[in-house]
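Chemist: Mind looking over this structure? Questions follow.
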Amino acid sequence: MPYALCYGVSVRINGVEPRGREIEQLERTLCLLPSMHLRALPTITVGDRPARGGGGSASPTMPGGPFIRLNRMIFDPVQRPVNAGRLNYTLLHEVGHIIDWAFGCMATLAGSDPAGYAALLAHAHSGATQGPSEHFADAYADFFFHGGSFNRGSDNGGWVMPRGNWARDPRIQAILGSPAFSDA
Ligand SMILES: [Zn+2]
């Protein structure tokens, strides 16, 4: 069965060729994350779902969950130019949902950082689904897509900030104060 392997943590990925371009991009993307996040992920399935939209996800307590589903069309550079490069933005967004739910990020930020929470909500989400978790998922994806990562090279590991203005973005600052980032 195909899987991504990042620093000893494996994540099952169904529906892709074992050594194709798709799984290489998904693995490269996942290997930016800390092990704590990788271990929270369910099996990722690439296929024809969701029928409308590029991706979907569910927590263990949601119907059919836990899962991450990626519609194969997200690898089409015409339909999803954002995924035509080294990293897969759609995957990062869906992972962002899983991490939000697993660590209670938005629920915590609503009380612990009202200004940061408001900044997250104020950013428009373009997808079909709405709700607070969409805004965390977008900011999570922006962090990793624009140069952020978890560096395992140092003794204790540590966050590598995204490039340029992204590091100072109020949404990025807000999620860095969430349980998923402060406890990693
Ligand atoms: Zn979403």
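The values are calculated or read from the model by the stated rules, or taken from the named source; none is laboratory data. No experiment lies behind these values; they were computed from the predicted model shown. Positions of Cβ are backbone-derived with ideal geometry, glycine not excepted, and every protein chain shown enters the neighbour counts.
Chemist: In this structure, does Leu5 turn out to be within 13 Å of the chain's Cα centre (by Cα) and not in a loop (DSSP other than H, G, I, E, B)?
Modeler: no
Chemist: Can you say whether Gly104 is of a type outside the set (Lys, Arg), within 14 Å of the ligand (Cβ to nearest atom) and in contact (Cβ under 8 Å) with a residue 40 or more places away in the chain, as far as the supplied structure shows?
Modeler: So Gly104 fails the test.
Chemist: Name every residue in the range 8-36 that is in a helix (DSSP H, G or I) and either surrounded by 13 or more Cβ atoms within 10 Å (Cβ to Cβ) or not charged (D, E, K, R) (or both), in order of residue number.
Modeler: Those that are in a helix (DSSP H, G or I) and either surrounded by 13 or more Cβ atoms within 10 Å (Cβ to Cβ) or not charged (D, E, K, R) (or both): Glu22, Ile23, Glu24, Gln25, Leu26, Glu27, Arg28, Thr29, Leu30, Ser35, Met36.
Chemist: Considering only residues of the range 50-76 that are among the charged types (D, E, K, R) and part of a loop (DSSP other than H, G, I, E, B), which is nearest to the ligand (Cβ to nearest atom)?
Modeler: Result: Arg52.
Chemist: Also, quick follow-up: In contact with a Gly (Cβ under 7 Å, 6 or more places away or on another chain) and either closer than 24 Å to Phe67 by Cβ or within 16 Å of the ligand (Cβ to nearest atom) (or both): does that describe Arg80?
Modeler: Yes.
Chemist: Only residues in the range 87-99 that are within 11 Å of the ligand (Cβ to nearest atom) count as the first member; pair them with residues that are of a type in the set (Phe, Trp, Tyr), Cβ under 8 angstrom, at least 6 apart or cross-chain, and list the lot.
Modeler: Taking only residues 6 or more apart or on different chains, the pairs are Leu92/Tyr140; Leu92/Phe144; Leu92/Phe145; His93/Tyr140; Val95/Tyr140; Gly96/Phe136; Gly96/Tyr140; His97/Phe136.
Chemist: Sticking with this structure for a sec: Can you pull out the residues in the range 111-131 that are surrounded by 12 or more Cβ atoms within 10 Å (Cβ to Cβ), at pLDDT 95 or above and farther than 14 Å from Ile172 by Cβ?
Modeler: Listed by number, the residues that qualify are Ser112, Ala118, Leu121.
Chemist: Considering only the range 172-184, I want to know if a residue exists there that is surrounded by fewer than 18 Cβ atoms within 10 Å (Cβ to Cβ), touching a residue at least 12 places away in the same chain (Cβ under 8 Å), under 29 Å from Thr61 (Cα atoms) and touching an Asp or Glu at 6+ places or on another chain (Cβ under 7 Å).
Modeler: yes
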